[in-house]
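So the structure is just underneath, and the comments pick up after that.
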Amino acid sequence: MALPLSNVVTGWFAKIGRSYRVTLDHAGGLGKLTWDSAVAIVSLKVRFRDVLNQMYIMGIQSLPIVFVTASLAGIVTSQQGGYQLISSSPGYVLGTLVVQSVVLELGPLLTAIVLVGRIGARITAELGTMVVSEQIDAFKSLGRDPVAILAAPRIVAGILTMPLLVGFADLVGIYAGMQMASLDVGLAPERFFYGARLFWHNWDLFYGFSKSIVFGFVIPLISVHMGLRTRGGAEGVGLQTTQAVMFMILTILILDAMFPPLLLQ
Amino acid sequence: MIHYRGVYKAFDIPVLTGVDLQVEAGEMFALFGPSGTGKSVLLKTTLSLIVPDRGDVEVDGMSVYFGPVSNIEKIRRKIGYVFQHAALFDSLNVFENVAMGLPEDELARTPRKEVARRVWDALEIVNLEPREILSKLPSELSGGMKKRVGIARAIVGRPQILLWDEPTTGLDPINTAAVERLIKRLSGDLEVTSLLVTHDVEGGLQICDRVAMLHSGTLRFCGTPEEFRNSPDNVVRAFVDRAAAAAALDMAVT
């Protein structure tokens, strides 16, 4: 039997209301975590050793996967660009295409997505497990601030590490693209770099690194926020980790789409 | 010493519906009740680990929820909390876990040798051999050892109050009896006020000065162990009988 129209409409309003409440709840939680982390950093409660440890996990341990991802991105861009451009444009345009694509978009975005999977999911699962095993409560009961110990070092490490990783990814991607252009369409490295320099703006580098800093802030922020809100047991940790990954990827893609109108006009 | 005033807390459904309870200084007090009746929630409101929707908790005359924010820090310094599953920090070894029980500023200004001595003493008090376990990670310890390390962490800061959240859960009857003796001895030796949440009714009745029972989020009984055993209240009597039957079954299985 069909539900009365009034019930359906009420149901819609209830769903909209719930969505607003959840969105505001997350926005408030992220804002508070940002503020608390900033206070912990300014009041020197964050230990340098914890930041270095997180930088090692996020940076050094991520180098292999970033290397592979950036290499493949450079190779594929070079191959597809060569296929489309080489018969209709001067060969050096391929250098422009690869360098611009890697610096403006592929380097920051792919590195961010790799970090979401490697670091973001790890942080959410780690903190989620600490919540359900009462370790976070134990920190509080012992007068320790979990934000200063667990959240702020990860956020600082993300902001410091991400630009370095993106710089590495840019270099690897460009080098792989240049080698592929040489192998695929016989474009000499000097012609490749001639094309890269021809349309180069220093602003592009600033643009790419701005993205990396924002992504480096957002990934640990969201993953810590979601981890600290875990409820239930192992199932809760799994569910929260999945949701955190979706939340981070969506946020990164939305922020990525906001950069061109803000910084490339 | 600890005064719960009309503590009300609901998650999806009400868990505590206005609990009033007073634990006196130096007293050893046990809190019983069926699972899900809000015992651990009440305990956690003492340290603001769970914030009640209504009501207040006072510790040594200091309000947790209606006083200055600094009250919470002061109150947490007075209290050692023993968690149900020990809640040891996975990434820290036993020494670092126990040392975390010292207040942060005290830990920063105390020489490492003195910290090591206090950690050593705390582990010896809970009948652990420090030399053997100081450098072990929690994952390398048995359940009983984890509980003892958790107790050592709670007492190393020399608290005035100890809150025990089901410290014998998951232990066999022999280890349960050993931990209960330890609780009794610690409360006497350290001259602390103890509030014990436990499912082990017989053990609680033997070691505590006063007991209370929560039922459906309200305080159903508060009095001496003797009064509890002889309570005319049907709900209390049924609970005592069920607990005795469960304990007998446990002993038979062991």
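The values are calculated or read from the model by the stated rules, or taken from the named source; none is laboratory data. The structure presented is a predicted model; accordingly, all values stated were derived computationally and were not measured. Glycine also receives a Cβ, built like all others from the backbone with ideal geometry; neighbour counts cover every protein chain displayed. Please note that ligands, DNA and RNA were not included when accessible areas were found on the heavy atoms of the full protein model with its side chains. Shrake-Rupley method; radii C 1.70, N 1.55, O 1.52, S 1.80 Å.
General observations
- Against the test of being buried (at least 16 other Cβ atoms within 10 Å of the Cβ), in contact (Cβ under 8 Å) with a residue 40 or more places away in the chain and at negative phi, the options B:138, B:130 yield a single qualifying residue, B:138.
- Of residues in segment B:192-207 being over 17 Å from residue B:35 (Cβ atoms) and hydroxyl-bearing (Ser, Thr, Tyr), the one surrounded by the fewest Cβ atoms within 10 Å (Cβ to Cβ): B:193
- Every pair of residues 6+ apart whose Cβ atoms lie under 8 Å, when the first sits in segment A:234-260 and is in contact (Cβ under 8 Å) with a residue 12 or more places away in the chain and loosely packed, with under 12 Cβ neighbours inside 10 Å while the second is among the small types (Gly, Ala, Ser) and not in a helix (DSSP H, G or I): none
- Residue selected from segment B:208-252 under the condition among the acidic types (Asp, Glu) and open to solvent by 60 Å² or more (accessible area, probe 1.4 Å), by the criterion modelled with the lowest pLDDT: B:250
- Within segment B:97-106, the set of residues being facing chain A (nearest Cβ under 7 Å) and surrounded by fewer than 19 Cβ atoms within 10 Å (Cβ to Cβ) comprises B:103, B:104.
- The single residue among A:34, A:23, A:10, A:69 that is open to solvent by 60 Å² or more (accessible area, probe 1.4 Å), within 26 Å of residue A:212 (Cα to Cα) and in a helix (DSSP H, G or I) turns out to be A:23.
- Residues being at positive phi and open to solvent by 20 Å² or more (accessible area, probe 1.4 Å) - total across segment B:165-181: 1
- Selection within segment A:221-265 - of a type in the set (Gly, Ala, Ser) and either within 23 Å of residue A:160 (Cβ to Cβ) or in contact with a His (Cβ under 8 Å, 6 or more places away or on another chain) (or both): A:223, A:227, A:244
- Set B:7, B:64, B:57, B:19: member being in contact with a helix residue (DSSP H, G or I) (Cβ under 9 Å, 6 or more places away or on another chain) and more than 26 Å from residue A:133 (Cα to Cα): B:19
- Residue A:59 falls short on exactly one of the conditions (1) open to solvent by less than 100 Å² (accessible area, probe 1.4 Å); (2) farther than 17 Å from residue A:114 by Cβ, and that condition is (2).
- When we screen B:123, B:49, B:128 for residues that are touching a helix residue (DSSP H, G or I) at 6+ places or on another chain (Cβ under 6 Å) and more than 23 Å from residue B:185 (Cα to Cα), the only hit is B:49.
- Looking across segment B:182-191, the residues that are surrounded by fewer than 23 Cβ atoms within 10 Å (Cβ to Cβ) and touching a residue at least 24 places away in the same chain (Cβ under 8 Å) come down to B:182, B:184, B:186, B:187, B:189, B:190, B:191.
- Qualifying residue in segment B:107-117 (condition: touching a Ser or Thr at 6+ places or on another chain (Cβ under 9 Å), closer than 22 Å to residue B:192 by Cβ and within 13 Å of chain A (Cβ to nearest Cβ)): no
Okay, residues lined up against (1) part of a helix (DSSP H, G or I); (2) within 14 Å of another protein chain (Cβ to nearest Cβ); (3) open to solvent by 40 Å² or more (accessible area, probe 1.4 Å):
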{"position": "B:65", "(1), (2), (3)": "no, no, yes"}
{"position": "B:68", "(1), (2), (3)": "no, no, yes"}
{"position": "B:88", "(1), (2), (3)": "no, yes, no"}
{"position": "B:95", "(1), (2), (3)": "yes, no, no"}
{"position": "B:123", "(1), (2), (3)": "yes, no, no"}
{"position": "B:147", "(1), (2), (3)": "yes, yes, no"}
{"position": "B:154", "(1), (2), (3)": "yes, yes, no"}
{"position": "B:158", "(1), (2), (3)": "no, yes, yes"}
{"position": "B:163", "(1), (2), (3)": "no, yes, no"}
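Residue-wise test of (1) buried (at least 24 other Cβ atoms within 10 Å of the Cβ); (2) in a loop (DSSP other than H, G, I, E, B); (3) within 14 Å of another protein chain (Cβ to nearest Cβ); (4) not charged (D, E, K, R).
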residue	(1), (2), (3), (4)
A:91	no, yes, no, yes
A:99	yes, no, no, yes
A:108	yes, no, no, yes
A:112	yes, no, no, yes
A:119	yes, no, no, yes
A:126	no, no, yes, no
A:138	yes, no, yes, yes
A:155	yes, no, no, yes
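- Within segment A:140-150, considering residues that are open to solvent by less than 30 Å² (accessible area, probe 1.4 Å) and not hydrophobic (A, V, I, L, M, F, W, C), the one nearest to the other protein chains (Cβ to nearest Cβ): A:141
- For residue B:216, the test of being in contact with a helix residue (DSSP H, G or I) (Cβ under 6 Å, 6 or more places away or on another chain) and of a type in the set (Ser, Thr, Tyr) is failed.
- Candidate set from segment B:20-34 (those that are assigned to a strand (DSSP E or B) and touching a residue at least 24 places away in the same chain (Cβ under 8 Å)); member that is farthest from residue B:198 (Cα to Cα): B:20
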